[in-house]
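Asker: Pasting in a structure now, in structure tokens, and then I'll have a few things to ask.
The values are calculated or read from the model by the stated rules, or taken from the named source; none is laboratory data. None of these values were measured; they are calculated from a predicted model. Neighbour counts are summed over all protein chains in view; Cβ atoms, including those assigned to glycine, are modelled from backbone coordinates with ideal geometry.
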Amino acid sequence: MNLPVFIQQVINGLSVGSIYALIAVGYTMVYGVLQLINFAHGDVFMVGAVLTLVLARSLGLVSPDHVTQSWTAFAMIAVISILACGVMGYLIERMAYRPLRDKPRINSLITAIGISLLLEYGGQHRSVFGPTPQAFPVAMLPGIDQPLIRFGELVINRMDALILLVTLALMGILSYIVMRTRTGLALRAVSYRFDTAALMGINLNRIISITFVLGSCLAAVAGILYAVKYPKVEPLMGLLPGVKAFVAAVFGGIGNITGAVVGAMLLGLVEVMVVQYLPSGSQYRDGIAFVILIVILLVKPSGLFGKHVVEKV
Amino acid sequence: MRQWLPATCLICCVWLIGFVGCDKSSSSVGSNDVLVGHVASLNGDTATFGVSADEGVRLAMDQINAAGGILGGRKVRVITEDDRSLGDEAKTAVNKLITRDQVCAVLGEISSSRSIAMAPVCEDMKIPMLSPGSTNPKVTQGYEYVFRNCFIDTFQGEAMARFAIEDLKLKRFAFLYPINSDYGVGLRNYVAEYLNKVGAEIVANESYAEKTDSDFKAQLTKIKAANPEAIFVTGYYTEAGLIAQQAKQLGMNLPLIGGDGWDSDKTLEIGREAVNGCFFTNHYSPDEERPEVQAFVSAYKGKYGGKVPDAMAILGYDAMKIMADAISRAGSTDPMRIRDALAATKDFPGASGKTTIDKDHNASKAIVIIEIKNGQFTYRAKIEPK
């Protein structure tokens with residue numbers, strides 16, 4: 001086995017996995033508190049990237065013949081679109097899911113699919129964004145695609161290092177919020193037992209809103225990092241990463257944040273290793289990753305980190 | 001009952017709006033114009049193909065009408081349907097053009113996969129179809145009513161391979177091609193065929209999924225380990241730009257060689273400095289000095305605010321002119337007679353070259369090789385058909 005190639009593929013896999021992880025955490029948190037699969041989550045990811053591009057254009061930072069090279073300016077528009085996605089996450093929950101909360105769960109699930117389709121196909125309308133992929137202004141970040149470390153054949157790109165660092169930092173902050181703050185305690189209580197938590201004086205609506213805002217912000221960060229790495233933005237760009245992140249969340253044990261991160265990293269690694277080590281693996285890249293997932297779920301139905309819940313009758 | 005009232009009103013409104021919409025379009029049909037349909041990807045992954053082709057078609061239409069129209073003064077009117085770069089939509093669009101708008105002939109598509117989806121519809125309805133730029137051989141194979149106005153991929157694949165071996169003097173090659181594209185798979189196979197024939201080495205053969213994949217680093221890392229001297233990337237421009245970028249990020253300094261699917265300013269916009277030093281084969285170059293090319297380029301720039309026409313624009317332009325010529329020679333808008341006239345097209349003086357439609361309904365034209373230098377497409381060489 002060629003070691004530099006293997007290490008390079010590990011880096012490639014972790015970089016892809018980091019982005020899946022940022023999305024997967026949002027899926028898993030919402031599932032943890034509401035037992036709802038928020039299918040619109042992958043589209044919040046898309047909105048994060050699209051909004052950054054739209055902001056960059058409307059503020060005159062990029063035009064066909066001119067690009068403002070400034071990390072600060074980019075960081076500012078990125079933060080604005082991340083916050084906007086947080087607000088959007090709040091609104092989606094407030095307007096689409098909350099009215100249905102005491103109805104059968106399938107109602108919310110179908111609403112989630114509806115919101116997802118609304119964002120995807122609404123975004124494809126000419127007056128909104130249009131279905132044509134457009135180039136993301138990576139040129140605003142000078143030197144982002146330069147190598148950070150070059151070790152013989154091995155290249156670690158600044159972009160990949162940035163993505164990995166941002167993901168690790170955000171996961172650190174998130175685990176601090178969940179494990180060390182009162183809000184986090186309330187969040188865990190709600191995910192443990194919904195109605196009992198309410199009886200203990202926890203404001204359910206507030207906790208659920210916070211969950212959606214946090215998840216949506218993380219998805220927006222993922223969307224922007226994704227667009228920096230693959231500078232092509234369009235309204236359907238959230239579809240495949242969204243599905244894969246969902247798979248990663250299930251793989252790690254849905255409802256479990258550590259599980260989502262580990263599941264996402266493993267999925268990223270499996271994808272690149274399939275390409276590298278299976279004959280004509282690149283044709284089956286997505287397929288084989290999902291086959292492995294099915295096998296793992298057959299052996300361990302609650303996912304890698306999921307708790308096996310015994311239903312008492 | 002009361003709660004149904006708003007819903008009922010809404011439905012009535014939508015219904016009425018629908019009617020008004022219908023009225024508007026049906027009133028404009030029925031004049032003495034010669035209606036020609038154009039199916040184009042005005043939006044979606046390959047939007048620049050459809051937009052350019054449509055601009056070319058409309059420029060030709062204006063020139064034909066300004067010169068007095070066809071069939072004794074009747075004006076040509078093009079109805080364009082957008083397929084959003086989707087095969088199913090192309091099929092729906094062509095159906096609509098034929099059954100609702102009653103066009104006598106159809107132009108389109110650029111993408112081979114979409115032309116392949118449209119061809120059986122035109123064949124069944126017996127409406128002649130002329131694809132401006134689909135290069136996959138399957139587009140016209142076995143059809144009586146389907147034609148094209150460009151070379152085919154057997155020739156293009158050979159030209160790419162010959163250029164790499166004879167001009168760039170390279171010996172070891174890799175492939176990275178879209179597995180879900182008729183065009184991409186076909187072109188890859190024709191390049192490989194020639195490489196095998198002359199005994200050049202193929203060291204890696206990787207694929208990706210067009211439209212959905214954005215990450216090519218896994219494939220590129222594997223290709224890099226096999227140490228080729230050039231990579232043939234037989235997909236469309238969006239992925240080509242991303243692939244070039246990711247190859248550079250992995251520290252790979254080798255030319256990527258593509259086909260006419262690379263011809264879009266988006267290649268430069270997405271690929272940026274990473275596409276410098278790459279090559280692709282094309283239908284024409286705006287730098288060519290032939291007077292027909294220069295006349296077209298200046299007319300196009302005049303109509304579209306100084307925009308430099310790409311190959312899809314000139315092919316759309318020629319396709320419209322060839323179609324108008326065929327309708328004139330047919331002497332009527334009878335689709336059967338237009339078909340026969342199209343099949344008999346010989347030495348038509350098109351802007352992209354003299355066009356003769358052969359017995360397989362293909363046109364043989366020269367291939368131009370474009371080199372990407374300093375963020376610009378520059379003319380490198382020309383290969384004449386045999």
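Asker: Which one is nearest to the other protein chains (Cβ to nearest Cβ), of the residues in the stretch B:27-41 that are surrounded by fewer than 20 Cβ atoms within 10 Å (Cβ to Cβ) and either of a type in the set (Phe, Trp, Tyr) or not in a strand (DSSP E or B) (or both)?
Answerer: Our first condition is that a residue be surrounded by fewer than 20 Cβ atoms within 10 Å (Cβ to Cβ); within the stretch B:27-41, this holds for B:27-33, B:35.
Within this subset, residues satisfying the condition of being either of a type in the set (Phe, Trp, Tyr) or not in a strand (DSSP E or B) (or both) are B:27-33.
Working: B:SER27: 25, B:SER28: 22, B:VAL29: 24, B:GLY30: 29, B:SER31: 28, B:ASN32: 32, B:ASP33: 27 Å.
The qualifying residue nearest to the other protein chains (Cβ to nearest Cβ) is B:SER28.
Asker: Would you check if there is a residue in the stretch A:80-89 being in contact (Cβ under 8 Å) with a residue 60 or more places away in the chain, farther than 25 Å from A:ALA264 by Cβ and over 21 Å from the mean Cα position of the chain (by Cα)?
Answerer: No.
Asker: For A:ALA73, which of the numbered conditions (1) buried (at least 24 other Cβ atoms within 10 Å of the Cβ); (2) in contact with a Leu (Cβ under 6 Å, 6 or more places away or on another chain) fails to hold?
Answerer: Just one mismatch for A:ALA73, condition (1).
A quick yes/no check of all residues on (1) touching a Phe, Trp or Tyr at 6+ places or on another chain (Cβ under 6 Å); (2) without any contact (Cβ under 8 Å) to a residue 40 or more places away in the chain; (3) under 28 Å from B:ASN95 (Cα atoms); (4) among the polar types (S, T, N, Q):
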| position | (1), (2), (3), (4) |
| --- | --- |
| B:PRO120 | no, yes, yes, no |
| B:TYR143 | no, no, yes, no |
| B:GLU158 | yes, yes, no, no |
| B:ALA164 | no, no, no, no |
| B:ALA174 | no, no, no, no |
| B:TYR177 | no, no, no, no |
| B:LYS217 | no, yes, no, no |
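Asker: Sort through B:VAL233, B:VAL146 and tell me the only one that's more than 12 Å from chain A (Cβ to nearest Cβ), at pLDDT 95 or above and within 30 Å of B:GLU123 (Cβ to Cβ).
Answerer: B:VAL146
Asker: Please determine, by comparing only the residues of the stretch A:252-271 that are among the hydrophobic types (A, V, I, L, M, F, W, C) and more than 24 Å from A:GLY184 (Cβ to Cβ), which one is surrounded by the most Cβ atoms within 10 Å (Cβ to Cβ).
Answerer: Going through the qualifying residues, I end up with A:LEU267.
Asker: Applying the selection to the stretch B:345-370, what residues are more than 23 Å from B:GLN63 (Cα to Cα) and surrounded by fewer than 17 Cβ atoms within 10 Å (Cβ to Cβ)?
Answerer: B:ASP358, B:LYS359, B:ASP360
Asker: Report the residue count in the stretch A:99-154 for those that are closer than 24 Å to A:GLY223 by Cα and either part of a strand (DSSP E or B) or among the charged types (D, E, K, R) (or both).
Answerer: Of the residues in that region, 7 qualify.
Asker: Taking interchain pairs and intrachain pairs at least six residues apart, which have beta carbon atoms under 7 angstrom, with the first residue in the stretch A:129-158 and at the interface with another protein chain (Cβ under 9 Å from one of its Cβ atoms) and the second surrounded by 18 or more Cβ atoms within 10 Å (Cβ to Cβ) and among the hydroxyl-bearing types (Ser, Thr, Tyr)?
Answerer: A:PRO133/B:THR238
Asker: What number goes with the only condition from (1) outside any strand (DSSP E or B); (2) among the hydrophobic types (A, V, I, L, M, F, W, C); (3) more than 8 Å from chain A (Cβ to nearest Cβ) that B:ALA218 does not pass?
Answerer: Evaluating B:ALA218 over (1) outside any strand (DSSP E or B); (2) among the hydrophobic types (A, V, I, L, M, F, W, C); (3) more than 8 Å from chain A (Cβ to nearest Cβ) leaves (3) as the failure.
Asker: While we're here: In the list A:PHE194, A:PHE129, which residue meets the criterion of being crowded, with 19+ Cβ neighbours inside 10 Å and either on the phi < 0 side of the Ramachandran plot or polar (S, T, N, Q) (or both)?
Answerer: Only one candidate qualifies: A:PHE129.
Asker: Return the only residue of B:GLN156, B:GLN219 being buried (at least 22 other Cβ atoms within 10 Å of the Cβ) and farther than 28 Å from B:ASP360 by Cα. Give the steps one after another, and end with the answer.
Answerer: Values: B:GLN156 fails: farther than 28 Å from B:ASP360 by Cα.
Answer to the selection: B:GLN219.
Asker: Checking the structure you have, find out if any residue of the stretch B:175-198 is out of contact with any helix residue (DSSP H, G or I) (no Cβ under 7 Å at 6 or more places or on another chain), within 11 Å of another protein chain (Cβ to nearest Cβ) and among the small types (Gly, Ala, Ser).
Answerer: No, every residue in the stretch B:175-198 fails to be out of contact with any helix residue (DSSP H, G or I) (no Cβ under 7 Å at 6 or more places or on another chain), within 11 Å of another protein chain (Cβ to nearest Cβ) and among the small types (Gly, Ala, Ser).
Asker: Continuing with this model, one more query. Taking the criterion of being under 20 Å from the mean Cα position of the chain (by Cα), surrounded by fewer than 22 Cβ atoms within 10 Å (Cβ to Cβ), farther than 19 Å from B:ASP45 by Cα and free of Cβ contacts under 8 Å to residues at least 40 places away in the same chain, would at least one residue in the stretch B:323-342 satisfy it?
Answerer: For the stretch B:323-342, residues under 20 Å from the mean Cα position of the chain (by Cα), surrounded by fewer than 22 Cβ atoms within 10 Å (Cβ to Cβ), farther than 19 Å from B:ASP45 by Cα and free of Cβ contacts under 8 Å to residues at least 40 places away in the same chain: absent.
Asker: Conditions: (1) in contact with a Leu (Cβ under 8 Å, 6 or more places away or on another chain); (2) surrounded by fewer than 24 Cβ atoms within 10 Å (Cβ to Cβ); (3) within 14 Å of chain A (Cβ to nearest Cβ). B:GLY271 meets all but one. Number of the miss?
Answerer: (2)
Asker: Sticking with this one: Check every one of the strands (runs of 3 or more DSSP E) wholly within the stretch B:289-386 and list those with 2 or more residues that are at pLDDT 90 or above. Even if it seems obvious, please write down each step before you answer.
Answerer: Details: elements: B:348-350, B:353-355, B:367-373, B:376-383.
Result: B:348-350, B:367-373, B:376-383.
Asker: So which pairs qualify, if the first residue must be in the stretch B:42-64 and at negative phi and within 13 Å of chain A (Cβ to nearest Cβ), the second must be of a type in the set (Val, Ile, Thr) and not in a loop (DSSP other than H, G, I, E, B), the Cβ gap must be under 7 Å, and the two must be at least 6 apart or on different chains?
Answerer: Matching pairs, first to second residue: B:LEU42/B:VAL51; B:ASP45/B:THR238.
Asker: Same structure, new question: Condition (residue is at the interface with chain A (Cβ under 9 Å from one of its Cβ atoms), at positive phi and more than 26 Å from the chain's Cα centre (by Cα)) applied to the stretch B:248-259: is it met by at least one residue?
Answerer: There is at least one residue in the stretch B:248-259 that is at the interface with chain A (Cβ under 9 Å from one of its Cβ atoms), at positive phi and more than 26 Å from the chain's Cα centre (by Cα).
Asker: For A:ARG105, which of the numbered conditions (1) modelled with pLDDT of 90 or more; (2) away from chain B (no Cβ under 13 Å); (3) over 17 Å from the mean Cα position of the chain (by Cα); (4) farther than 29 Å from A:ALA139 by Cβ fails to hold?
Answerer: Failed condition: (1).
Asker: Looking only at residues in the stretch B:66-81 that are among the charged types (D, E, K, R) and surrounded by fewer than 20 Cβ atoms within 10 Å (Cβ to Cβ), which one is farthest from the other protein chains (Cβ to nearest Cβ)?
Answerer: B:ARG74
Asker: Show the residue pairs meeting these rules: Cβ distance below 6 Å; 6+ apart or different chains; first residue within the stretch A:263-287 and hydroxyl-bearing (Ser, Thr, Tyr); second residue part of a helix (DSSP H, G or I).
Answerer: A:SER282/A:VAL275; A:SER282/B:GLN219
Asker: Still on this structure: Just to be sure before I move on: is A:TYR31 assigned to a helix (DSSP H, G or I) and crowded, with 23+ Cβ neighbours inside 10 Å in the structure I sent?
Answerer: It is false that A:TYR31 is assigned to a helix (DSSP H, G or I) and crowded, with 23+ Cβ neighbours inside 10 Å.
Asker: Do we have any residue at all in the stretch A:102-119 that's among the acidic types (Asp, Glu) and more than 13 Å from A:MET237 (Cα to Cα)?
Answerer: yes
Asker: OK, next. Looking only at the stretch B:204-215, count how many residues are in a strand (DSSP E or B) and more than 7 Å from chain A (Cβ to nearest Cβ).
Answerer: Residues flagged as in a strand (DSSP E or B) and more than 7 Å from chain A (Cβ to nearest Cβ) within the stretch B:204-215 amount to 2.
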